[in-house]
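S.K.: For reference, the structure I am asking about is given below.
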Amino acid sequence: MDRISALLEQKGIRPTPNRILVARCLDGFRHPVSIAEIEEDIASIDKSGVFRVIRLFVENDLVHEIDDGSGS
């Protein structure tokens, strides 16, 4: 099992292919990113799929959310 999958499981998140892909994308950034930036990086998942994965990560304390009022 790779590091990303292990981290997801540690947080209680089942490591599906889309979740692993989004987590790897996030791992590559060294600064806060918007959902739009993630969507640009990952063409194989639609907008709603990326949003659902990010919401799951927020709910399970894997990522922190900064609300600027724009929803991005």
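The values are calculated or read from the model by the stated rules, or taken from the named source; none is laboratory data. Everything numeric in this text was worked out from a predicted model, so none of it was measured. Counting neighbours? That spans all protein chains shown, and the Cβs are built from the backbone with ideal geometry, glycine included. Please note that ligands, DNA and RNA were not included when accessible areas were found on the heavy atoms of the full protein model with its side chains. Shrake-Rupley method; radii C 1.70, N 1.55, O 1.52, S 1.80 Å.
S.K.: In the list Ile66, Ile42, which residue meets the criterion of being at pLDDT below 95 and under 23 Å from Met1 (Cβ atoms)?
M.R.: Going through Ile66, Ile42 in turn, just one is at pLDDT below 95 and under 23 Å from Met1 (Cβ atoms): Ile42.
S.K.: Tell me, which residue of the stretch 9-28 that is within 11 Å of the chain's Cα centre (by Cα) and open to solvent by less than 50 Å² (accessible area, probe 1.4 Å) is nearest to Glu65 (Cα to Cα)?
M.R.: Restricting to residues being within 11 Å of the chain's Cα centre (by Cα) and open to solvent by less than 50 Å² (accessible area, probe 1.4 Å), the top hit is Leu26.
S.K.: Given the criteria surrounded by 15 or more Cβ atoms within 10 Å (Cβ to Cβ), within 9 Å of the chain's Cα centre (by Cα) and part of a helix (DSSP H, G or I), does Val58 qualify?
M.R.: Working: surrounded by 15 or more Cβ atoms within 10 Å (Cβ to Cβ): no; within 9 Å of the chain's Cα centre (by Cα): yes; part of a helix (DSSP H, G or I): yes.
Considered against the rule, which asks whether it is surrounded by 15 or more Cβ atoms within 10 Å (Cβ to Cβ), within 9 Å of the chain's Cα centre (by Cα) and part of a helix (DSSP H, G or I), Val58 comes out as no.
S.K.: From Ser44, Ser48, grab the single residue that is in a helix (DSSP H, G or I), exposed (fewer than 10 other Cβ atoms within 10 Å of the Cβ) and out of contact with any Cys (no Cβ under 9 Å at 6 or more places or on another chain).
M.R.: From the options Ser44, Ser48, the qualifying one is Ser48.
S.K.: Does Ile20 meet the test of being part of a helix (DSSP H, G or I) and free of Cβ contacts under 8 Å to residues at least 60 places away in the same chain? Let's see the steps before the verdict.
M.R.: Details: part of a helix (DSSP H, G or I): yes; free of Cβ contacts under 8 Å to residues at least 60 places away in the same chain: yes.
Considered against the rule, which asks whether it is part of a helix (DSSP H, G or I) and free of Cβ contacts under 8 Å to residues at least 60 places away in the same chain, Ile20 comes out as yes.
S.K.: Only residues in the stretch 34-49 that are closer than 15 Å to Ala23 by Cβ count as the first member; pair them with residues that are among the small types (Gly, Ala, Ser), Cβ under 7 angstrom, at least 6 apart or cross-chain, and list the lot.
M.R.: Here the result reads Ile35/Ser72, each pair linking the stretch 34-49 to a residue that is among the small types (Gly, Ala, Ser).
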